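Have a look at the structure below, then the notes.
The values are calculated or read from the model by the stated rules, or taken from the named source; none is laboratory data. The model shown is predicted, which means the values in this text are computed figures rather than measured ones. Cβ sites come from the backbone with ideal geometry, for glycine too, and all protein chains shown count toward neighbours.
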Amino acid sequence: MKRLTLWAGMLLLVMAAFTAVAQPPPGAGGFQMTPEMQRRMEEFRKWREAHKYTFQLTSTLRAIEQIDKDARTKLTPAQAKKILAVLQPYRNKPKMTQDDAKNALKGIKAVLNVNQLNAIARIEAERRNRRGGPGGPGGGMGMMRPGGQPGGAPGARPGGAPGAGGRPGGGFRMPNPAQMKDFNPFKPDTSTPFGQRAAEYWSNFFKGLQQRASGK
């Protein structure tokens, strides 16, 4: 894996943050993106579009975490076992292709019932309305956080990346798509803090599935 392979949700948050500070209200002062930053943003937008099925897959998995909190839509042991069977072949691949992501997404949706699919569709629609995109990292939800605290998704701002009331700074650099050719969200580069958080996140995710599949 190349350096700077970051978890998809964190990348979306960074992108949204830069967009927010780059568009201050009319007549107001504020941070303006440099031409270099604008170029990097456009490169990242194209990279994300080229990996749209990967992002759809991870968005669906985060939604599954959420519906699992509700007794009416939680996964059954049989469903968890089937989802594990769909995802396991991709856990250690150095790269997830778009065909891989499409096949995984198709396999997962085939396991879910109508109520679960409708609940996921509502969650993803709310995310789009709230953030203008497929949504950011999910917290600890139901069976997906075995023995742990809520959270686990990358959440800290990298090197002074803009947050609420913040501005870019502190040495932050936009992700470089050229360094993310080998992208598999389940196998992040653990040499970075974000990669370490992502690895922990997906490890907990799969442990939760395994526990549910065993009837716990």
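When we screen K81, K106, K102 for residues that are loosely packed, with under 13 Cβ neighbours inside 10 Å, farther than 29 Å from M33 by Cβ, of a type outside the set (D, E) and at pLDDT 50 or above, the only hit is K106.
The residue of region 180-201 that is surrounded by the fewest Cβ atoms within 10 Å (Cβ to Cβ), among those that are in contact (Cβ under 8 Å) with a residue 24 or more places away in the chain and part of a helix (DSSP H, G or I), is P193.
With respect to K93, is the statement that it is assigned to a loop (DSSP other than H, G, I, E, B), modelled with pLDDT under 95 and over 15 Å from the mean Cα position of the chain (by Cα) true? Yes, satisfied.
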